[in-house]
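Student: Structure below; questions to follow.
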Amino acid sequence: MALKKMVERLTKTTEELDREALAAYCDRLGVTPISQIVPRTPARVAGEIRTVRIVPRAGAPALEVTVSDGRGSVVAVFLGRRKIAGISPGRRVEVHGVAGRDGSRYLIYNPEYRLLG
Amino acid sequence: MAILKRVLVGRPLASVEQEHQRIPKTIGLAVFSSDAISSTAYAAEEILFVTAVGASSLVLGLDMLIPIAIAVAVLLGLVVASYRQTIYAYPHGGSSYVVSRENHGVNASLVAGASILVDYVLTVAVSISAGVAAIISIPTFSGLADHRVELGIALIALIALANLRGIKESGRIFAAPTYIYILTLAALLIYGLARSYFGDVGQVPFDREAFEGAREAGGTLGLFLILKGFSSGAVALTGVEAISDGVPAFRRPTSKNAATTLTAMGFILGILFFGTALLAHRLHPYPSHDETVLSQMGLLVFGDGPIYVLLQFATVAILTLAANTAYADFPRLSSIIARDGYLPRQFANRGDRLVFSNGILVLSVLAGGLLVAFGGLTNALIPLYAVGVFLSFTLSQSGMVRHHLRLQEPGWKRHTVISALGASATLIVLLIVGITKFTSGAWVPVVVIPIIVLFFKRVKRHYTKVANQLRVPVDYKPRKMNHTVVVLVGGVHRGVLDALAYARSLNPNHLAAVTSVSDEEEQERIEREWADRNIDIPLEIVYDPYRELTDPLLRYIDELDAHYENDVVTVVIPEFVVDHWWGQLLHNQTALMLKGRLLFRRGTVVTSVPYHLREEDRLGKPAASAEQAGTGEAASRASPDGGKAEPDALTRTPGEPYRS
C-alpha cells in the first residue's frame, strides 16, 4: 500500500531509512550480505565504513575498518598499514577475503578492496 | 539562592542542637488545643450555613442550632472519654496511625494515615480561610474581601516560613493567643448573654443583601438538612486527637497530665461551642461571606471598640495557630509513614533547620491549592473536612477496643465500653457526614483517601523491591569486572590529553579513544594530530553523517560492549570549566546531552575530567591555559557525576578551529 509506505517513510528514524538504503545498494551490487558470512570461506561483501581504528605508533601497524551493509558489520584489518588513501569513515567499499571469527564479530585480514562511489 | 535561603530560613542547625522540652499542662492546653478550640470560630456559623440557607429559613436554622450544639457536645464528651484511654495506653504518642497499625494491621493504619494527612491539609485551608474571614469582618478591613485568596496564601506562606525556620511547638508564645481567644470569647458569651437576657441588646440588624439565603421566614427544615447541619457542627471535634499525639511532650507523669489537659480542653471547647450557639440563638446573626457570625455578635455586644478588635485578632491568631498545629503534625506524621516505607524517603529527612522541610512544603502547596480552588471560602471547604477526621477517630477508637480486648488490663471491661461507644458514635457521624455532604464536597476525601492509600502501597512495593534487589547473600563476592574505558575526543588539546592520562590511570582491560567525523577532511586532521602527538592509545574514528554526535557514539559504545562482553564501560568526557556562569553559556551543550543519554544505559559510568580554564588565558590563547591545572589535579577532581562543569572539549568552541 502506497499510504502505508508513506507513513513508514515518515515514522521511521533516519537511521533505519539509511540502513535500508544501504542494504538496497549492496543488494544491487550482487555481493553476499554481511549477515550471511560463513567463517573460513571466501566472501565478497560491501558496505559503508562506519569506524576507522588507528593503532598507536608504538604498536604493530594495523588499520581496522568496520564495514557495515545495514544488516551486519565486518571488520577489515589491513596489517602493516597505518593509512590507506580513500579508506575513511562514510566511504563505501567492496571487500573480498576470507572471514574469521573474533568473538561476536567477523574479521577479514588483508582483504582485497575496491572503493565504490 | 543560597543567600536568600540563609536570610529567610536561617543558618543550618546541627543534629545535636535538637532538644526536647517538656511542657506543663497550662502550656500544653494552649499548644495542643488551638486546633480544636479555634473551630468555635466557625462551627456555629457553618451549621447556620446549612440549616438557615436555601430550602430552610434563618429562624428555623437558629432554632435548630441549640439541639445540634447539644448533640455535638455529647459527641465531644464521648470522643474525649475515649481518647483518654488512648493517652494512657499509648504514652509515646497514640496517633490514629499508630493505634491502627498496632491493633488493626497495616491496611487500616494506611487508611488512618491517609485520612489524617488529608485532614491536616484541610485544617490549614479551613483555619486560614476562617482567619481571613475574621480579618475582613472588621469594618476597617472590609475592602480586603476581594483579596481573600491572596491574603490566605500570604498567611500560609508566613506560617510555612516560620516552620521552615523551625519553631518550638512547645513555645510559650503560643500560649498567649489561645488564652486571649478563650477569654475574649468567654467575655463575649457572658456579657452578650447577660445583655440579651436583660433586654439590653436586640438582634443583629438583618442585611438582606449579605444573607446568603433567600428567605427570611417559612420553608421547611427536614431531617436531611438537620443531619447535614450536624455534620457541619461536628467539625468542632477536629483537633481533639492532637493531645493524644503529643503525649510525650507533657511533663511527667505524662499520661496523667495529658489526660487532664484533654478533659479541660473538652470542657472549654464544649462550653464555648454551646455558648456560641446559645448566643447566636438570642442575637440572630445570619451566615454571610462578608462578615462572620462571631464578628456580627461581637460588634453588636461590644460595639466597634478595642474589645471587638481584640476579639477579631484573637480569632485570627488562634486560627493561625490551628493551622500551625497542622504544620507541626503533618510533617511529623508523614515522616513516621515515610520511615515505615509508605512515603518517599525525603519526607523522613530533617532539613538543615532540623524540621521536616519537605513535609512542610508539600503541606503548604496542597493547602494553598485548596484555598485557591475553593475561592478561600471556609463554607465551601467544610464539607471536605469532617470525613477524614471521623474516619481516623473511628479507626483509632475501634483500635482501642481491640487493644482492651487483647490485653485485658485491670478495668478493661469499662474501658472497652467507653472506646466502643466512642467508636460507634464517630462511625455514625462518619456515615452521616459522608452521606449528607457527599454531593457538596465529601466525595473529595472519599475519592482522595483511597488514592493516597494506593500511593502508599505503591511506594512501599517499590522500596521492598529495591531492598530485595540490594540484599546481599552471605557468600556473595562481586566478580572481577571486565572494564573498558572510552575517552571522548573532540580535538587534540590539553584537556583531552589530561583526560587520556586519567583514563590510563584507571588501568582498564580495554582502552580506546573515540571521535566522530562527518567528512574526510576532519578525519585526516584528527589522524594527523593523533600521529603528531604520538599518543599511544588507539583512536576510533566514527562516521557521523548528520553531525549529531550522540547517536553514532552510542552505537559505537553498544558495539564495543557486545564485542568485549564488558561488565562496565566508563565513558570519560573531558570538560572545560570556566570561571563564570555566562562563560558556560558560550560553550556547546552537546556533551551534556550525551551524558543525559548515557545516564540510562546499563553498566555505564560517565566520568567528567574537568579542565580549569582561567579567564585571561581563555580570551587570549585558549589552548595553552592554566599551567597549574596539571594531570594529577584533573584526575583527582574527576567524579563519576561530573559536577556542574560544562562539557565542551568535545565540540567546537566559537572562534577556534574545530580541532584546536
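Student: Can you report the number of residues in the range B:264-287 which are over 15 Å from residue B:236 (Cβ atoms) and surrounded by fewer than 23 Cβ atoms within 10 Å (Cβ to Cβ)? So that I can check it myself, show each step before the final result.
Tutor: First, the residues of the range B:264-287 that are over 15 Å from residue B:236 (Cβ atoms): B:264, B:279, B:281-287.
Subsequent filtering for residues that are surrounded by fewer than 23 Cβ atoms within 10 Å (Cβ to Cβ) retains B:264, B:281-284.
Going through the range B:264-287 one residue at a time, the tally reaches 5.
Student: Next up: Among the residues of the range A:41-76, write down those that are in contact with a Pro (Cβ under 8 Å, 6 or more places away or on another chain), more than 11 Å from chain B (Cβ to nearest Cβ) and within 15 Å of residue A:113 (Cβ to Cβ).
Tutor: A:45, A:69, A:76, listed by residue number.
Student: Please find, within the range B:303-338, the residue that is nearest to residue B:388 (Cα to Cα) out of those that are surrounded by fewer than 20 Cβ atoms within 10 Å (Cβ to Cβ) and modelled with pLDDT of 85 or more.
Tutor: B:313
Student: Is it the case that some residue within the range A:14-22 is without any contact (Cβ under 8 Å) to a residue 24 or more places away in the chain, within 11 Å of chain B (Cβ to nearest Cβ) and of a type in the set (D, E, K, R)? I'd like the intermediate steps shown before the answer.
Tutor: Of the range A:14-22, the ones without any contact (Cβ under 8 Å) to a residue 24 or more places away in the chain are A:14-17.
Going one step further and asking which of them are within 11 Å of chain B (Cβ to nearest Cβ), we end up with A:14-15.
Retained after the next criterion (residues that are of a type in the set (D, E, K, R)): A:15.
Yes: the range A:14-22 contains one or more residues that are without any contact (Cβ under 8 Å) to a residue 24 or more places away in the chain, within 11 Å of chain B (Cβ to nearest Cβ) and of a type in the set (D, E, K, R).
Student: Okay, next question. In the range B:587-631, how many residues are at pLDDT 75 or above and polar (S, T, N, Q)?
Tutor: Narrowing the range B:587-631 to residues at pLDDT 75 or above: B:592-612.
Then drop every residue that is not polar (S, T, N, Q), which leaves B:604, B:607-608.
Number satisfying all stated conditions: 3.
Student: Please find, within the range B:505-515, the residue that is farthest from residue B:527 (Cα to Cα) out of those that are without any contact (Cβ under 8 Å) to a residue 60 or more places away in the chain and buried (at least 17 other Cβ atoms within 10 Å of the Cβ). Reasoning before the result, please.
Tutor: Pass one, the range B:505-515, residues without any contact (Cβ under 8 Å) to a residue 60 or more places away in the chain: B:507, B:509-515.
Pick out the ones that are also buried (at least 17 other Cβ atoms within 10 Å of the Cβ) and you get B:511-515.
Working: B:511: 18, B:512: 14, B:513: 12, B:514: 12, B:515: 10 Å.
Per the criteria, the residue is B:511.
Student: Oh, and also: Out of curiosity, is residue B:311 in contact (Cβ under 8 Å) with a residue 60 or more places away in the chain, aliphatic (A, V, I, L, M), under 30 Å from residue B:60 (Cβ atoms) and assigned to a helix (DSSP H, G or I)?
Tutor: Numbers: in contact (Cβ under 8 Å) with a residue 60 or more places away in the chain: yes; aliphatic (A, V, I, L, M): yes; under 30 Å from residue B:60 (Cβ atoms): yes; assigned to a helix (DSSP H, G or I): yes.
Spelling it out, residue B:311 is indeed in contact (Cβ under 8 Å) with a residue 60 or more places away in the chain, aliphatic (A, V, I, L, M), under 30 Å from residue B:60 (Cβ atoms) and assigned to a helix (DSSP H, G or I).
Student: Restricting attention to the range B:240-253, does a residue exist that is modelled with pLDDT of 80 or more, surrounded by fewer than 19 Cβ atoms within 10 Å (Cβ to Cβ) and more than 22 Å from residue B:322 (Cβ to Cβ)?
Tutor: Yes - at least one qualifying residue is present in the range B:240-253.
Student: Now for a separate question. Looking at (1) farther than 19 Å from residue B:42 by Cβ; (2) surrounded by 18 or more Cβ atoms within 10 Å (Cβ to Cβ); (3) not basic (Lys, Arg), can you tell me which one residue B:365 breaks?
Tutor: Looking at each condition in turn, residue B:365 falls short on (2).
Student: Every residue in the range A:98-117 that is hydroxyl-bearing (Ser, Thr, Tyr), out of contact with any Pro (no Cβ under 9 Å at 6 or more places or on another chain) and closer than 26 Å to residue B:561 by Cβ, please. Explain how you work it out, then say what you get.
Tutor: Residues of the range A:98-117 that are hydroxyl-bearing (Ser, Thr, Tyr), as a first pass: A:104, A:106, A:109, A:113.
Right, trim to out of contact with any Pro (no Cβ under 9 Å at 6 or more places or on another chain) and you get A:104, A:109, A:113.
Listed by number, the residues that qualify are A:104, A:109.
Student: Condition first: out of contact with any Asp or Glu (no Cβ under 7 Å at 6 or more places or on another chain), assigned to a helix (DSSP H, G or I), among the aromatic types (Phe, Trp, Tyr) and modelled with pLDDT of 70 or more. Can you find one or more residues in the range B:38-48 that meet it? Please lay out each step first, then the result.
Tutor: We begin by selecting, within the range B:38-48, every residue out of contact with any Asp or Glu (no Cβ under 7 Å at 6 or more places or on another chain); these are B:38-48.
Keeping just the survivors that are assigned to a helix (DSSP H, G or I) gives B:38-41, B:43-48.
From what is left, the residues that are among the aromatic types (Phe, Trp, Tyr) are none.
No, every residue in the range B:38-48 fails to be out of contact with any Asp or Glu (no Cβ under 7 Å at 6 or more places or on another chain), assigned to a helix (DSSP H, G or I), among the aromatic types (Phe, Trp, Tyr) and modelled with pLDDT of 70 or more.
Student: What residue, of A:66, A:41, A:51, is within 16 Å of residue A:110 (Cα to Cα), among the polar types (S, T, N, Q) and surrounded by 15 or more Cβ atoms within 10 Å (Cβ to Cβ)? Let's see the steps before the verdict.
Tutor: On the way: A:41 fails: surrounded by 15 or more Cβ atoms within 10 Å (Cβ to Cβ); A:51 fails: within 16 Å of residue A:110 (Cα to Cα).
Of the residues listed, the single one that is within 16 Å of residue A:110 (Cα to Cα), among the polar types (S, T, N, Q) and surrounded by 15 or more Cβ atoms within 10 Å (Cβ to Cβ) is A:66.
Student: Just give me the residues in the range B:521-547 being more than 9 Å from chain A (Cβ to nearest Cβ) and more than 17 Å from residue A:88 (Cβ to Cβ), in sequence order.
Tutor: B:532, B:533
The values are calculated or read from the model by the stated rules, or taken from the named source; none is laboratory data. Treat the numbers as computed from the prediction; the structure is a model and nothing was measured. Using ideal geometry, Cβ is built from the backbone for each residue, glycine included, and neighbour counts are taken over all protein chains shown.
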